[in-house]
1. Quick check on LEU131: is it outside any strand (DSSP E or B), at pLDDT below 95 and of a type in the set (A, V, I, L, M, F, W, C)?
2. Taking the stated definitions as given, is ARG96 buried (at least 17 other Cβ atoms within 10 Å of the Cβ), outside the structural domain of SER108 (by TED's automatic domain parsing) and modelled with pLDDT of 85 or more?
3. Which residue out of GLY139, GLY111 is modelled with pLDDT under 95, small (Gly, Ala, Ser), outside the structural domain of ARG28 (by TED's automatic domain parsing) and more than 18 Å from the chain's Cα centre (by Cα)?
4. Of the residues that make up region 112-124, is at least one more than 30 Å from HIS27 (Cβ to Cβ) and of a type in the set (A, V, I, L, M)?
5. Could you pull out the residue among GLU144, GLU138, GLU118, GLU126 that is charged (D, E, K, R) and assigned to a loop (DSSP other than H, G, I, E, B)?
Amino acid sequence: MLKMKSENPNWKHEMDDLDSRLLSALHRDARASLSELAEVLGVTRTTVRSRLQRLKQSGEIVGFTVLTRRDVAQSPVRGLMMLEIEGRGTERIMARIAAMRQVRAVHSTNGGWDLIAEIGTETLAELDEVLFQIRRIEGVTRSETNLLLSTRKGRF
């Protein structure tokens, strides 16, 4: 159940089938117009507009982005670096890693690893240098890196 960010904090909106279908349609083509979405979903443009507004206000949709060919081409060497952090330095280390130009995202996780960093570089040598820099950060006790060979579908 989603709590809406509205004047009435007790008002709640449950995601229904139409909301789910709208999100699926946007995942397939985030550039679709309101008219195109309305046609695919079998509803009016007004309905699509109000649903989108509600999904944004509730926080279900947190933003829109564009992934360009240049974004992908700039990082032909990509990897996921899993990190174990000693003590309570996770936030500090996360901020330091996130500030690195080659780091696309940093995720805090549960399980055997504390953080996962998505890294993209031009060359293997540059990736090796980034991994070396991260391993030298005080509080990083262990790491493991996997290269990404291909991506079938990405959502941002």
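1. Working: outside any strand (DSSP E or B): yes; at pLDDT below 95: no; of a type in the set (A, V, I, L, M, F, W, C): yes.
It is false that LEU131 is outside any strand (DSSP E or B), at pLDDT below 95 and of a type in the set (A, V, I, L, M, F, W, C).
2. Details: buried (at least 17 other Cβ atoms within 10 Å of the Cβ): yes; outside the structural domain of SER108 (by TED's automatic domain parsing): no; modelled with pLDDT of 85 or more: yes.
When the stated conditions are applied, ARG96 does not pass them.
3. Among GLY139, GLY111, only GLY111 is modelled with pLDDT under 95, small (Gly, Ala, Ser), outside the structural domain of ARG28 (by TED's automatic domain parsing) and more than 18 Å from the chain's Cα centre (by Cα).
4. Looking through region 112-124, at least one residue is more than 30 Å from HIS27 (Cβ to Cβ) and of a type in the set (A, V, I, L, M).
5. Details: GLU144 fails: assigned to a loop (DSSP other than H, G, I, E, B); GLU118 fails: assigned to a loop (DSSP other than H, G, I, E, B); GLU126 fails: assigned to a loop (DSSP other than H, G, I, E, B).
Criteria check complete, one pass: GLU138.
The values are calculated or read from the model by the stated rules, or taken from the named source; none is laboratory data. The model shown is predicted, which means the values in this text are computed figures rather than measured ones. Cβ sites come from the backbone with ideal geometry, for glycine too, and all protein chains shown count toward neighbours.
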